[in-house]
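Please read the structure below before turning to the comments.
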Amino acid sequence: MTNSDHAAQADPTAPLDPTAQPDPWQSLHELLAAMDAEIEQVYVERGIEGVRPRFAYPLIRLAHTGPLTIRELAESLNRSHSAISQTIAALRKEGLVTSEPGPDARTRRIDLTERGRALVPFLESEWRATHAAVAELDAEVPYALTVVVEELRRALEHRSMRQRILHHLVEPPG
């Protein structure tokens, strides 16, 4: 008997290939990607090429703090070192930041270029407008996304995703 057969025995209604079921996260990923694409379109309409919505947060923060290491920037934005490192590489490629050796050989200090600094006033305006648009959306739907996210966070603090998965996990024999 194969692992798929054992899994089907555990839940006879489950398809043999679990990926044949719809991805429960797909619609959320698509929605976030569509909203990011629309924000990016605002940039393009303003003649700002090569700038992604994920660039705004670190660029604005660097404008207010001055040069930071990737670790310091990641911590200040509550993002992972890996995610910020990838974003910094993209920012550097677009000529928005520079990186110089930091206080020790393992660190680099990130700072804005003139192009990056020139974009910050617009990005701050867009940031505020985006927050206003999210508040508007929250008011239009029966379950405000910001409230739902906070309720999900509280539920996961009570019982983690890991605990929930382990509760439902049927290990294949063997």
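The values are calculated or read from the model by the stated rules, or taken from the named source; none is laboratory data. As the structure is a computational prediction, the values presented were derived from the model and not from experiment. Glycine gets a Cβ as well: all are built from the backbone with ideal geometry, and neighbour counts include every protein chain shown. Side chains are part of the model used for accessible areas, which takes the heavy atoms of the whole protein and leaves out ligands, DNA and RNA. Shrake-Rupley method; radii C 1.70, N 1.55, O 1.52, S 1.80 Å.
In region 40-63, which residue that is part of a loop (DSSP other than H, G, I, E, B) and of a type in the set (A, V, I, L, M, F, W, C) is nearest to Pro101 (Cα to Cα)?
Applying the filter and picking the extreme gives Val51.
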*Quick one: which residue in Glu100, Glu157 is open to solvent by 90 Å² or more (accessible area, probe 1.4 Å), part of a strand (DSSP E or B) and either of a type in the set (D, E, K, R) or at pLDDT 95 or above (or both)?*
Glu100
*Return the pairs, sorted by first residue and then second, in which the second residue is among the hydrophobic types (A, V, I, L, M, F, W, C) and in a helix (DSSP H, G or I), the first residue lies in region 111-125 and is within 15 Å of Val42 (Cβ to Cβ), the beta carbons are less than 6 Å apart, and the residues are 6+ apart or on different chains.*
Leu123/Ala56; Leu123/Leu59; Leu123/Ile60; Glu124/Ile60
*With Leu91, Leu112 as the choices, which residue is over 24 Å from Glu150 (Cα atoms) and touching a Phe, Trp or Tyr at 6+ places or on another chain (Cβ under 9 Å)?*
Leu91
*Please enumerate the residues belonging to region 64-88 that are over 22 Å from Pro121 (Cα atoms) and either small (Gly, Ala, Ser) or in a helix (DSSP H, G or I) (or both).*
Ile70, Arg71, Glu72, Glu75, Ser80, His81, Ser82, Ala83, Ser85, Gln86
*From (1) touching a Pro at 6+ places or on another chain (Cβ under 6 Å); (2) without any contact (Cβ under 8 Å) to a residue 40 or more places away in the chain, pick out the condition that doesn't hold for Ala139.*
(1)
*Does region 13-37 hold any residues that are part of a helix (DSSP H, G or I) and modelled with pLDDT under 85, and which are they?*
Pro18
*Filter pass, Glu45 being within 19 Å of the chain's Cα centre (by Cα), within 24 Å of Val134 (Cα to Cα) and open to solvent by 90 Å² or more (accessible area, probe 1.4 Å)*: no
*Hits in region 115-154 - residues which are open to solvent by 70 Å² or more (accessible area, probe 1.4 Å), within 21 Å of Ser27 (Cα to Cα) and of a type in the set (Gly, Ala, Ser)*: Ala139
